[in-house]
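Worksheet for the structure shown next.
Throughout, read-outs are computed from the coordinates displayed, never taken from laboratory work. For clarity, every value in this text was computed on a predicted model and none was experimentally measured. Don't worry about glycine lacking a Cβ; one is built from the backbone with ideal geometry, like all the others, and counts go over all protein chains shown.
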Amino acid sequence: MSKRKSKEGSFTSGECISQVQRTLRERFCHQCPDGKLFGLELQYEHLLELLKRTTMRGESNSVLIIGPRGSGKTTLVNHVLKELMEIKQVGENTLQVHLNGLLQSNDRIALKEITRQLHLENVIGDKVFGSFAENLAFLLEALKKGDRANSCPVLFILDEFDLFVHHKNQTLLYNLFDISQSAQTPVAVIGLTYRLDILELL
């Protein structure tokens, strides 16, 4: 693999391509010097405030971000998460679970990925659960630190949200939204999709 020299050292061609892609994305998205996205200031502030209420006040929330492919949905979420995690109180106590409908094609795979990202493989061990809901509830219960206000907030980011809608009985979504409406572990469910008719599919 060829290498190119620079003032900072040597770079592989793969690293150079990654740097070029990063620079182009920044320019195409018109990123401002302060890190916020041009033209999405209102959405940025709204999402940041919503997630602050979950991570700092223990208030569960859910939100759908709808827009055409390439319009900056994922970039918006990443910018908000970056700023959120820089708050000491939040960064030390908040967990994130990133799922993608293209990768987690059914609820069993999704649950396995949730377990992996929450580092709870050892907690589950050889336990047998009667249903998906029991399994998910057990995972979230394991994160509790006593009362709701002191439990670890969990942010669920569901990319390609419309594909999760096609899972059998929408079990994952049903349970996540059910938890967000109940007085359990504080969670925020963030769905990203290009489908304008997503609410009709739920």
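List of remarks:
- A simple spin-label model places pseudo-atoms 7 Å from Cα toward Cβ; at Ser13 and Arg69 they are separated by 2.7 nm.
- Using a Förster distance of 25 Å, the FRET efficiency for Thr23-Gln96 (Cβ separation, nearest 0.05): 0.45
- Shape call, the range 39-201: gyration tensor on alpha carbons, a/c limit 1.5: oblate
- J(HN,Hα) series, the range 47-64, from Karplus relation 6.51 cos²θ - 1.76 cosθ + 1.60, nearest Hz, glycine and proline x: 5, 4, 5, 4, 6, 5, 5, 6, 7, 10, 10, x, 9, 6, 8, 9, 8, 10
- Under-5 Å amide H pairs with Ala188, H placed in peptide plane, nonlocal only: Asn61, Val154, Leu155, Phe156
- Using the Karplus relation 6.51 cos²θ - 1.76 cosθ + 1.60 with θ = phi - 60°, the per-residue 3J(HN,Hα) values for the range 106-123 come to 8, 5, 5, 5, 4, 5, 5, 5, 4, 4, 5, 5, 8, 6, 10, 4, 6, 5 Hz, with x marking Gly and Pro.
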